[in-house]
Amino acid sequence: MSSVRRKKQLESAISIFILAVLAIIAAAILQKGFNTDITRFGIDTAAIQKTQTQDSKSDVVFELAIMVPAGFETLSAAETYTAENLYEKINGKAPLYTESGFKKLFTRRFVSKQNENLVMELFIYDMDTVKNAFSVYSTQKRPDVDALPGFAFAYRTTNALYLVSDKYYIEIVGFSEAQELFEAMVETAEKITGELAAGKVTEIAEMTLFPPENIVPDSIKLYVANAFGFEGLTDTFTCRYKLGDETVTAFLSRRENPEDARSAADAYYNFLLSNGGTAKSTAVKILEGRVVDFYGTTEIVFATGPFVGGIHEADNQKTAEDLAVKLINKLSETAKAGEK
Amino acid sequence: MTEKTTEKFGRRQFLARAGKATASIAAAGTASYLLYDPAGPTAAGKPEELVTLPDFSIPHRPGQTISIVKGTNRIETVNKAIELLGGLKRFVKPGETVAIKPNVAFASPPMLGATANPELIAEVVRLCYGSGAKKVYVTDNPINDPLSCFTLSGIGKAAEAAGAEVILPKNHLFKHTTLEGGKLIRNWPIFFRPFEKIDKLIGIAPVKDHHRSGASMSMKNWYGLLGGRRNIFHQDINTIIAELAMMAKPTLVILDGTEVMATNGPTGGSLSDLRRANTLIASTDMVAADSYGCGLLDLKVSDLPYLTKAQQAGAGTTNYESLKPVFAAID
Amino acid sequence: MKIVTARRISQVFFFALFVWFCIVGTVGDKFWQLRHWPVNWFLQLDPLVAIGTILTTHTLYASLLWALATVILTLILGRFFCSWVCPFGSLHHFTGFLGNRKKSAAQKIRLNRYRWPQCIKYLILIFFLAAAAFPSLAATLQTGLLDPIPLVTRSFNLVLLPLADSPVNLASAGERFYEGAWLILAIFFTAVLLNLVIPRFYCRFICPLGALFGLLGRFALWRIGKNQTECSDCKLCETHCEGGCEPAANIKISECVLCFNCREDCKDEIISYQSRPSLAGETANPDVSRRGFVLSLAGGILAVPAVRLSNKLGSNWHYRAIRPPGALAEEEFLKRCIKCGQCMRTCPTNVIQPGGIEGGLENLWTPVLNNRIGSSGCQLNCVACGQACPTSAIRPITLSEKKGLGEFADAGPIKIGTAFVDRNRCLPWAMDKPCIVCEENCPLSPKAIYTQVVFNTVRDGVLTVKKTTDKLIETVEENIAPDKFATGDYYCVTETGERRKITANTENSIEISPDNQFEKIPAAGGKIEIQVRLQRPFIDIEKCIGCGVCEHECPVSGRKAIRISAEGETRSANRRLLLTWRPVI
């Protein structure tokens, strides 16, 4: 009889052991199930579901999850905004972008797996062209910042970095000034540029048109429209020069052809006069009829070849004129080389 | 049996089974360990074993690099042309095996001139045996069906009558190769096995107009070494011909300009496409041979970009005059 | 606790686990979505998958190592998998139980007797393994057709789950469709319903995995058997015998699935799980005749080259079979694909479909893309299918490899085919209707579709001028459909060749923009032509990756005016379109 009981005990023991094994299997599987990281699939299901529900005119679904730096994971869902609803994200700043060719904003936050205080928010503005991206980058550039090495156009503040990569303007804002976070932000920036601009060099050809001597580094800006408040000055680059202890701003813009350049130059000249400027005489021959005194500052505008160019708001007429001549020479050189 | 013996018997059986089970487990474990592949297959799958076509060229002899013989009879002109370069004994030593790669591209009768002349090939085979060759093979990877090509062109019969063995292309005779410095011949199958173990290689080609490449002569002849879907290379025909000249390093090429296909090449079809030029060229530099040969089609070197490309790649020279060609004429 | 109770709990556990793995198959980070759930675990535990791929590829791929655990346990314990783990087996077990409930004991015993066709599953196993055994000559992995784990996986994932989920769409974002699902369902249902004829019909007669376990269990340390010779021969032990192994007499060990029902049913406790062979005798080897063995072996070996006479691996390759990105070259692919359908389940856009036999017999239930189904062709930034494949028939590529970035920049992006514009059906090419939906939707940057502008005079588009005023050209003809030409695509061309965009029109007048008047006003009596501005799409075959978004979006919704064909796919060296693609060496 006891052998029967022992058998039954053995049977029970084995059965329970088996159930225990099942429980361990269940626990192990559950543990795998708690891992929510789906970056290995590449896709963002939220984005896929959006395309399933969106109308068929779908744009490129942008995947930010793959740009997560090591040790970080996604926090919050990816958001995209078009020109219609950009203000929902950045409110009053929206026109800055929408008036410069803005197409789409992609944004997401990442958080460190180790330390939940290390959070970064990523903004990628698709500005449609390199020039537009550079424009919003350069016109928003904070003064007195450090350049960020390793990128064509990038600078950093104590907690954020800003860069241009191909047609995208990218802002990565850290929610703390921790060095560890900043390094992760730089890694993200590298991943993004690798992803978005693989093989592409972000170049702005017009930047080499300025005479290089005495340029204030990284001071070139691009105004896509309304440079100096005049709507006729579109696609205009400005650049600051340090001449002695004066800082002078030069500008230039490429037009289709010399006729267009001349009419643009004339238009701006007339605009200055009709807004309170007075024509100024000049000793420099080629600048005759090109200099305006605008409420105490000197404005110069000329056309050479297909370029409109000039000096803006200079304090000293002589310095302005010297720089103007240098600019004219450089531009006409380029124009001639282009003709060949 | 008593219970004790049945128990012992049972235990022995159990141990036997336990032994077998353990052995099976060990075998399964070992197999798993040896075959374990955590990384999985790569994009290219198994890397093909790459081969390189051997170099069959012989040392350069100034003044005996290229010979040009005028005459109406191919047997006479080829004998003279080879004699002028030092005789076949310079190229083929006794006991060596030779492969002859003629143009057998089409299932076309010899009179239409789309393939190499069978008598010419037979004569070269005979000369090789006369020089003491142990064995001569005649082979090509034609465009049309191989057996019909070798048969209709008369080359199969002529070669065998002269004592050569014809090798028809078969799948297992192809191996993949990558040409060093090549842009197109990368991991590409070539007709390799017939050339693997031989000592000398001779190419024999007629001079033909070619619709795509301008002309088909001794360099284009090596297209017959390519396997796979080689017609894709027609998209960059000049580069591929130049690369063929880089890849193939034959002992000797014979370029038969006795009757050239002046129009409608490479297949021709009408006897009116042919024109008598009565010239036969033998050369150790195929680029030079073709550079002279194109003149027979009223073309200039500059009309055939692959010539210059091949020269730039170091496969030969287009300036055949610099090689001091030897001329002769047989009436 | 009784062992049979443990077994029932185990069956429920693994079946529930299996169903859970089916439910969570949608990529996502919610609890009921894929996350890191090990949804391939059953396939990885399946030794037939492991052994099949070992034969065809001479490697044991990564996580298939789990099968070693199953093999070791089987070698020690016997054919436990069939009645403790296999979800298909549990389904058969349960159906058989339901069907047999009302039968008498005598009827049940009769149903459970050993039948000689139980050897057929061994012949099926031998056939499949023989077909896989000679990869250097010709080998194909077809075990997936009848291997129960892939079979039940695709039946649930591709048929039952979409049917159950379609009204509520909990498991997936949208409705799921799978071509040829009817066949998968038919086979599944037949297998399940056959249990009403003979319990565990599939397990006993067909299952090649069960056959494999039967072979592996020969040296099991413990087996079912009688522990004494005195037995009343009541045969109650065979009332609920699942394996059809006849424990009452000479027990056929290879058929025993360790359900322990016999042990439970024997009132005299004569049946036990013991280390010594049954005292009523046991047969360890399956009942396969030499003739059957040889025929199956020969059949398997010959079947492969016979099927391949169709030249589907050569020049007669099936160009409408677009394989997912990361798929191996076809011959290697067929050595690994077990037709489990996990890639189809995982694909977020539902574009991966079970293939049919129009691509050759071996194409059945392998993944092929159908761009007309699903939400959008193959998404550019998605590599889910490779992650889902348990055997690496589709490699687990990274996004960088798929898009040709970083270290893969030299090799370029993976192409699965090329788009071809059907100029006979394309609206701007054949119908004079403006459309550039394909170009707009091409996800690449720069796009692989570009357009060239062409102006064509529309039907009945030559009109006579009656009078031209400020911006209005009045025509003699008075039957123009009002505003037909106001869409912004139509232009008015004068006899002097000036072309201006039409902003509006009435039945008898054409209006052009006031900012853009004609330089030479068309005179009365002269002719003007109405032209449509067409942007005709061209494919840049160097850039096109064959993703199929264009095909999906093309408004010609039947036979699409732009279709993907597999030429140019990077996985195959001999299907390239272009000269300049270089294979990765």
Unmet criterion (only one of (1) crowded, with 20+ Cβ neighbours inside 10 Å; (2) in contact with a helix residue (DSSP H, G or I) (Cβ under 8 Å, 6 or more places away or on another chain)) for C:Ser278: (2)
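Yes or no, residue by residue, for (1) surrounded by 17 or more Cβ atoms within 10 Å (Cβ to Cβ); (2) more than 30 Å from C:Arg571 (Cβ to Cβ); (3) modelled with pLDDT of 95 or more:
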| site | (1), (2), (3) |
| --- | --- |
| B:Arg61 | no, yes, no |
| B:Val98 | yes, yes, yes |
| B:Thr115 | yes, yes, no |
| B:Glu123 | yes, yes, yes |
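Yes or no, residue by residue, for (1) within 21 Å of C:Val39 (Cα to Cα); (2) among the hydroxyl-bearing types (Ser, Thr, Tyr); (3) buried (at least 23 other Cβ atoms within 10 Å of the Cβ):
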site: C:Leu111; (1), (2), (3): no, no, no
site: C:Arg115; (1), (2), (3): no, no, no
site: C:Cys119; (1), (2), (3): no, no, no
site: C:Leu125; (1), (2), (3): no, no, yes
site: C:Gln142; (1), (2), (3): no, no, yes
site: C:Leu145; (1), (2), (3): yes, no, no
site: C:Ser155; (1), (2), (3): yes, yes, yes
site: C:Pro162; (1), (2), (3): yes, no, no
site: C:Asn169; (1), (2), (3): yes, no, no
Filtered residue count, the range C:1-47, keeping only those that are polar (S, T, N, Q) and more than 20 Å from the chain's Cα centre (by Cα): 3
Residue match in the range B:255-262 (condition: farther than 18 Å from B:Ala81 by Cβ and free of Cβ contacts under 8 Å to residues at least 60 places away in the same chain): yes
Any hit, the range C:320-340, residues being free of Cβ contacts under 8 Å to residues at least 60 places away in the same chain and either crowded, with 23+ Cβ neighbours inside 10 Å or not assigned by TED's automatic domain parsing to the domain that holds C:Glu567 (or both): no
Residue check, C:Thr469 free of Cβ contacts under 8 Å to residues at least 24 places away in the same chain and not assigned by TED's automatic domain parsing to the domain that holds C:Glu569: yes
Residue in the range A:175-184 that is at pLDDT below 90, within 17 Å of A:Thr202 (Cα to Cα) and over 10 Å from the mean Cα position of the chain (by Cα) present: no
Some residue of the range B:237-253 being in a helix (DSSP H, G or I), touching a strand residue (DSSP E or B) at 6+ places or on another chain (Cβ under 6 Å) and modelled with pLDDT of 95 or more: no
Residues being of a type in the set (A, V, I, L, M) and in a helix (DSSP H, G or I) - total across the range C:398-457: 5
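For the condition in contact (Cβ under 8 Å) with a residue 60 or more places away in the chain, more than 30 Å from C:Thr5 (Cβ to Cβ) and more than 14 Å from every other protein chain (Cβ to nearest Cβ), what is the one hit in C:Ala105, C:Ala133?
Values: C:Ala105 fails: more than 30 Å from C:Thr5 (Cβ to Cβ).
Testing whether each residue is in contact (Cβ under 8 Å) with a residue 60 or more places away in the chain, more than 30 Å from C:Thr5 (Cβ to Cβ) and more than 14 Å from every other protein chain (Cβ to nearest Cβ) leaves just C:Ala133.
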Helices (runs of 4 or more DSSP H) enclosed by the range A:1-99 - at least 1 residues per element that are modelled with pLDDT of 80 or more: A:2-33, A:94-98
Spans of helices (runs of 4 or more DSSP H) in the range C:229-342 with at least 2 residues modelled with pLDDT under 90 and within 30 Å of C:Val4 (Cα to Cα): none
Residue in the range C:79-94 that is under 16 Å from C:Asn261 (Cα atoms) and surrounded by fewer than 20 Cβ atoms within 10 Å (Cβ to Cβ) present: yes
Subset tally (residues that are assigned to a helix (DSSP H, G or I) and either free of Cβ contacts under 8 Å to residues at least 12 places away in the same chain or farther than 25 Å from C:Ser392 by Cα (or both)) for the range C:21-59: 1
Positions within the range B:277-300 being farther than 19 Å from B:Leu252 by Cβ and touching an Asp or Glu at 6+ places or on another chain (Cβ under 9 Å), in sequence order: B:Ala277, B:Asn278, B:Cys294, B:Leu297, B:Leu299
Any pair with Cβ under 8 angstrom, 6 or more apart, that starts in the range A:185-203 at a residue that is at the interface with another protein chain (Cβ under 10 Å from one of its Cβ atoms) and modelled with pLDDT under 70 and ends at one that is part of a helix (DSSP H, G or I) and surrounded by fewer than 19 Cβ atoms within 10 Å (Cβ to Cβ): A:Ala198/C:Gly406
The range C:347-390, subset away from chain A (no Cβ under 14 Å) and assigned to a loop (DSSP other than H, G, I, E, B), residue farthest from the chain's Cα centre (by Cα): C:Gly360
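Considering only residues of the range A:287-312 that are surrounded by 15 or more Cβ atoms within 10 Å (Cβ to Cβ) and outside any strand (DSSP E or B), which is nearest to the chain's Cα centre (by Cα)?
Filtering the range A:287-312 for residues that are surrounded by 15 or more Cβ atoms within 10 Å (Cβ to Cβ) and outside any strand (DSSP E or B), the one nearest to the chain's Cα centre (by Cα) comes out as A:Pro306.
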Number of positions in the range C:15-48 that are closer than 24 Å to C:Ile72 by Cα and facing chain A (nearest Cβ under 8 Å): 3
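Could you identify the single residue in B:Asp209, B:Asp236 that is farther than 15 Å from B:Ala99 by Cβ, within 13 Å of chain C (Cβ to nearest Cβ) and of a type in the set (Asp, Glu)? Reasoning before the result, please.
Values: B:Asp209 fails: within 13 Å of chain C (Cβ to nearest Cβ).
Only one candidate qualifies: B:Asp236.
Name the residue, out of C:Ile3, C:Ile9, that is in contact with a Ser or Thr (Cβ under 6 Å, 6 or more places away or on another chain), within 30 Å of A:Lys7 (Cβ to Cβ) and facing another protein chain (nearest Cβ under 8 Å).
So the residue among C:Ile3, C:Ile9 that is in contact with a Ser or Thr (Cβ under 6 Å, 6 or more places away or on another chain), within 30 Å of A:Lys7 (Cβ to Cβ) and facing another protein chain (nearest Cβ under 8 Å) is C:Ile3.
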Flag for C:Ile206 being assigned by TED's automatic domain parsing to the domain that holds C:Asn40, among the aliphatic types (A, V, I, L, M) and out of contact with any Phe, Trp or Tyr (no Cβ under 9 Å at 6 or more places or on another chain): yes
Failed criterion for A:Val284 (all others in (1) among the aliphatic types (A, V, I, L, M); (2) closer than 18 Å to A:Arg240 by Cβ; (3) out of contact with any strand residue (DSSP E or B) (no Cβ under 7 Å at 6 or more places or on another chain) hold): (2)
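Take the range C:483-505 and flag every residue that is of a type in the set (Ser, Thr, Tyr) and either buried (at least 16 other Cβ atoms within 10 Å of the Cβ) or not assigned by TED's automatic domain parsing to the domain that holds C:Gly525 (or both).
Listed by number, the residues that qualify are C:Tyr490, C:Tyr491, C:Thr494, C:Thr503.
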Given (1) out of contact with any helix residue (DSSP H, G or I) (no Cβ under 9 Å at 6 or more places or on another chain); (2) within 10 Å of chain C (Cβ to nearest Cβ); (3) farther than 20 Å from B:Lys197 by Cα, number of the condition B:Ala43 does not satisfy: (1)
C:Ile54 being more than 22 Å from C:Thr140 (Cβ to Cβ) and either within 14 Å of chain B (Cβ to nearest Cβ) or touching a Pro at 6+ places or on another chain (Cβ under 7 Å) (or both): no
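The values are calculated or read from the model by the stated rules, or taken from the named source; none is laboratory data. The model shown is predicted, which means the values in this text are computed figures rather than measured ones. Here the Cβ is made from the backbone with ideal geometry for all residues, glycine too, and neighbour counts use every protein chain on show.
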